[in-house]
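Undergrad: Pasting a structure here, questions to come.
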Amino acid sequence: MRILLVEDEDRIASFMASGLGAEGHSVERAATAADALGMASAYDYDLVLLDLMLPDGDGRDVLRAVRAHDHETPVIVVSAQSEVDDRVDLLDLGADDYLVKPFAFAELAARVRAAVRHGQQSARVLEAGGISLDTRTRVARRGDVKVDLPSREFALLEYLMRHAGQVLTREQMLDAIWGFGFDGSSNVVDVYIGYLRRKLDSPGQTSAIETVRGAGYRVRA
């Protein structure tokens, strides 16, 4: 897979590029926002790994520019900014995933493998469990039911659908949607699953989101 790595710190860029190269990927680095924009417009990439804090600009501007002409290439933001609002804003701007620094290479590799494994990672419309989710308009459909979703509900449903068939723990969903520092004892995941079920499930209909007792939740593949 051809990857554009946008990272200004040499040590981090070398760490990421070496590891990804060993995984069989071709990595091309841009150290500035200007270089990133030039390379993204001139060449086709299978994945973009994007740092936010660049010497000549904000990675958000790079993301906006990429999404202005490319709605398909997956973009994984890699940043030290870990606030929930940052994550939500970047998902709203079109990022597909968010990885917080510092991170273990195994986690980065897993996120990249997921982008390869799930062709849906770059798809506009995700389909699983009888649900159709348009990642640009934020509209979900189940049969004739059309649902507009606010940011958190959308992010949670998208996360479940991108991992269709996989049982996701509450801790995984808390980390992915609310952030690593969120209170693990909170029942916020269950509350938001309830919101989604009330919008997506008709009376007497099997829930689109399955509860796996003692484990977590999943959307059937």
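Undergrad: How big is the convex hull of the Cα atoms of the range 55-159, per residue, in Å³? Walk me through the numbers on the way to the answer.
TA: Working: hull volume 11.6 nm³, N = 105.
Once divided by residue count, the hull of the range 55-159 is 111 Å³.
Undergrad: Over the Cα atoms of the range 34-94, how large are the radius of gyration and the largest Cα-Cα distance (Dmax), in Å?
TA: Answer for the range 34-94, Rg first and Dmax second: 11.2, 33 Å.
Undergrad: When DSSP assigns beta bridges and you keep just the ones with both residues in the range 1-116, what percent turn out antiparallel, to the nearest 5?
TA: Details: 2 of 18 bridges.
That works out to approximately 10 percent antiparallel.
Undergrad: Expressed in nm to one decimal, what extension gain is obtained for the pair Ala22 and Glu72 from 0.36 nm per residue of sequence separation less their Cα-Cα distance? Write out the running numbers ahead of the final one.
TA: Numbers: separation 50, 0.36 × 50 = 18.00 nm, distance 2.56 nm.
Between Ala22 and Glu72, full extension yields an extra 15.4 nm.
Undergrad: Given a cut-off of 27 Å, what percent of all Cα-Cα pairs of the range 2-121 lie beyond it?
TA: Working: 427 of 7140 pairs.
Beyond 27 Å sits 6 percent of the P(r) for the range 2-121.
Undergrad: Using the Kirkwood radius over Cα pairs, work out the Stokes-Einstein diffusion coefficient for the chain at 20 °C and 1.002 mPa s, in µm²/s as a whole number. Walk me through the intermediate numbers first.
TA: On the way: Rh = 18.1 Å.
My calculation gives 118 µm²/s for D.
Undergrad: While we're here: Kindly provide the GluC sites (Glu not before Pro) of the range 1-39 that DSSP labels as loop, not H, G, I, E or B, and whose Cβ sees at most 16 other Cβ atoms within 10 Å. Before the final figure, lay out each step's value.
TA: Values: sites: Glu7, Glu9, Glu23, Glu28; in loops: Glu7, Glu9, Glu23.
Those satisfying the criteria are Glu9, Glu23.
Undergrad: Which listed residue (Thr73, Met39, Gly143) has the Cα farthest towards the positive end of the charge dipole for the chain, taking +1 on Lys and Arg C-beta and -1 on Asp and Glu C-beta about the Cα centre?
TA: Gly143
Undergrad: Output the relative contact order of the chain, whole-number percent, from Cα pairs under 8 angstrom with separation of 6+ residues.
TA: Numbers: 336 pairs, mean separation 31.2, N = 221.
Relative contact order for the chain comes out at 14 percent.
Undergrad: Okay, moving on. Quick check on the chain: of the DSSP beta bridges with both residues there, what percent are antiparallel, nearest 5%? Working shown, then result.
TA: Working: 18 of 34 bridges.
Bridges in the chain are about 55 percent antiparallel.
Undergrad: So what's the back-of-envelope 222 nm ellipticity for the chain, counting only DSSP H runs of four-plus at -39500 (n - 2.57) apiece and dividing by all residues, rounded to 500? Write out the running numbers ahead of the final one.
TA: Working: 8 runs with 86 residues, N = 221.
After summing the helix terms and dividing by the residues of the chain, the value is -11500 deg cm²/dmol.
Undergrad: Turning to a different aspect of this structure: So how far apart, in nm, are the two label points at Phe103 and Glu171 if each is 7 Å from Cα heading toward Cβ?
TA: Once both label points are built, they end up 1.9 nm from each other.
Undergrad: Size of the range 124-219 along its principal axes in angstrom, Cα-based, largest extent first?
TA: 37, 29, 21
Undergrad: Write down the radius of gyration of the range 1-54 and its Dmax, each obtained from C-alpha positions, in Å.
TA: For the range 1-54, the Cα-based Rg and Dmax read 10.3, 28 Å.
Undergrad: Turning to a different aspect of this structure: At 7 Å along the Cα-to-beta-carbon direction for both Arg198 and Asp56, put a label point, then send me their distance in nm to one decimal.
TA: 5.0
Undergrad: Select from Val145, Val78, Val100 the residue whose mean-square fluctuation is largest in a Gaussian network model of the chain (Cα-Cα springs shorter than 10 Å).
TA: Of Val145, Val78, Val100, the Gaussian network model singles out Val145 as fluctuating most.
Laboratory data are not the source of any read-out in this text; all were calculated from the coordinates shown. All values derive from a computational prediction rather than experimental measurement. In this analysis, Cβ positions are derived from the backbone assuming ideal geometry, glycine residues included, and neighbour counts consider all displayed protein chains.
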